[in-house]
Amino acid sequence: MSSEVEWRDSYGELKLPFMGAAGKILDGNFHVDCPNCHKSTLRFYYHEFNKQKGTGTLWAWCPNCRVTTHLPRVEPGGWRYPDPFRAIDDFGKLEGRNADPLVGRLDKLWDEGKIGLPEPPGTQSKNSKPARRP
Ligand SMILES: [Zn+2]
């Protein structure tokens with residue numbers, strides 16, 4: 001993983017493939033190849049913004065080529081994503097607090113095992129560590 005590559009939003013011809021890939025994650029397919037470099041599976045993070053509606057934003061990114069996208073106002077389909085920021089109401093303030101882009105910080109959280117694979121619908125919530133990818 002190269003640290004010289006800047007995080008960048010998917011744009012142009014990458015926009016739709018990345019939105020499609022993020023949609024697959026939302027549908028419960030958590031091993032989606034990066035549509036850009038095809039050298040890594042995408043990582044992801046979901047944060048609930050509207051507790052009443054049960055909707056939030058899903059971020060997806062490639063740790064290799066560092067292209068990212070996000071899907072706002074989506075439902076997680078019952079999956080419970082690990083979220084260390086669940087209790088933070090003003091999540092938007094996290095972005096831009098320091099020089100690191102939000103996704104760069106999320107990628108570190110993934111490496112630390114604080115975010116990752118969600119628990120499937122219907123399971124009891126427990127404080128288990130999120131499952132890690134091999
Ligand atoms: Zn990639």
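Here, each number is a calculation from the coordinates, and none is a lab measurement. Quick caveat: nothing in here was measured; it's all calculated off a predicted structure. Using ideal geometry, Cβ is built from the backbone for each residue, glycine included, and neighbour counts are taken over all protein chains shown.
The slack between GLU112 and ALA87, meaning 0.36 nm per residue of separation minus the straight C-alpha distance, is 7.1 nm.
Among ASP27, ASP9, the ranking by other beta carbons within 10 Å of each residue's beta carbon, starting with the fewest, stands as ASP27, ASP9. Exposure proxy for ARG73, ARG66, ARG80: other Cβ atoms within 10 Å of each Cβ, ordered fewest to most, give ARG73, ARG80, ARG66. The stretch between THR123 and SER40, if pulled fully straight at 0.36 nm per residue, gains 27.0 nm over its current Cα-Cα span.
If R0 is 25 Å, what FRET efficiency do you get for ARG73 and GLU6 from their C-beta distance, rounded to 0.05? Numbers along the way, then the final one.
Values: r = 27 Å, r/R0 = 1.08.
Efficiency for this residue pair is about 0.40.
Check the stretch 8-111 and count each lysine pair with an alpha-carbon distance under 25 angstrom, considering only pairs eight or more places apart or from different chains. Counting lysine pairs in the stretch 8-111 gives 11.
Could you list GLU6, GLU119 so that the one with the fewest beta carbons within 10 Å of its beta carbon is first and the one with the most is last?
Details: GLU6 8, GLU119 17.
Going from least to most buried by this count: GLU6, GLU119.
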